[in-house]
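First comes the structure, then the notes that go with it.
The values are calculated or read from the model by the stated rules, or taken from the named source; none is laboratory data. Predicted, not measured: the structure shown is a model, and the values here were computed from it. When we count neighbours, we look across all protein chains shown, and the Cβ atoms used for this are built from the backbone with ideal geometry, even at glycine. Surface areas here come from the heavy atoms of the whole protein model, side chains and all, with no ligands, DNA or RNA. Shrake-Rupley method; radii C 1.70, N 1.55, O 1.52, S 1.80 Å.
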Amino acid sequence: MVGEVMTELAELEDPKIREVNERHGDDHGVNLSKLRALAKRLKTQQELACRLWETEDTAARLLAILICRPKAFERDELDVMLREARTPKVHDWLVNYVVKKNPHSEELRLAWSADPDPVVGSAGWALTTERVAKKPEGLDLAGLLDVIEAEMNEAPDRLQWAMNHCLAQIGIEHAEQRTRAIDIGERLEVLKDYPTPPGCTSPFAPVWITEMVRRQHDK
């Protein structure tokens, strides 16, 4: 079965898509809509997902994430998988589609947030951003802003991006912290000049916060 799936993934490979993806650090050339269609056809298959992950192939790992059973993984399995993820897309999908749905997500959030590896740390911040938006009870929002204010400016790219997302989410969701969140963003100027396509919201936190709050009020 693994061989058949790998053959099908190879047939979906498009050199032009690979060229675009490689600019972002992702070494695969499979159209994601076609990948999702394949996952829909295969349905949930935990054992196959584990076998596909073991191939270390990026497209196979993305497919594995789509057909796995997120709650079936143990904490240590997910920790190893995150450290093996290598590429940004596999990392992001693993966190968003698997870890967030796993019963060990909070334990991993705390462990990863304190990890010295900035890529692992970025996963901890992504899980924290999820809690800021959906389950903020028990979070020290002022303390999170203290860390962001002190560390975001010098953080490596992927960690910086994740911290900036958390900063924006705090400002968007929590009115009592909004002024401080915007002030931190304005002083640090992280992603201020990030190229933003027309019709999209800038990732610069003050702009992002202001726009999302405006939309909430317009509803």
Candidates Lys101, Lys71, Lys43, filtered to the one that is more than 28 Å from Val20 (Cβ to Cβ) and touching a Pro at 6+ places or on another chain (Cβ under 6 Å): Lys101
Would you call Asn96 closer than 27 Å to Trp125 by Cβ, at pLDDT below 95 and part of a helix (DSSP H, G or I)? no
Against the definition (over 14 Å from the mean Cα position of the chain (by Cα) and under 20 Å from Asp157 (Cβ atoms)), how does Pro88 come out, yes or no? no
Quickly run through the stretch 61-85 and pick out the residues that are in a helix (DSSP H, G or I), among the small types (Gly, Ala, Ser) and buried (at least 21 other Cβ atoms within 10 Å of the Cβ). Ala64
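In the stretch 1-36, what count of residues is obtained for those that are of a type in the set (A, V, I, L, M, F, W, C), open to solvent by 40 Å² or more (accessible area, probe 1.4 Å) and farther than 22 Å from His91 by Cβ? Explain how you work it out, then say what you get.
Going through the stretch 1-36, the residues of a type in the set (A, V, I, L, M, F, W, C) turn out to be 1-2, 5-6, 9-10, 12, 17, 20, 30, 32, 35.
Of the ones still in play, those that are also open to solvent by 40 Å² or more (accessible area, probe 1.4 Å) are 1, 6, 10, 12, 17, 20, 32.
Those still in the list that are farther than 22 Å from His91 by Cβ too: 1, 10.
Looking only at that region, the number is 2.
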Would you be able to say whether some residue in the stretch 185-201 is within 19 Å of Arg109 (Cα to Cα), open to solvent by less than 80 Å² (accessible area, probe 1.4 Å) and not basic (Lys, Arg)? no
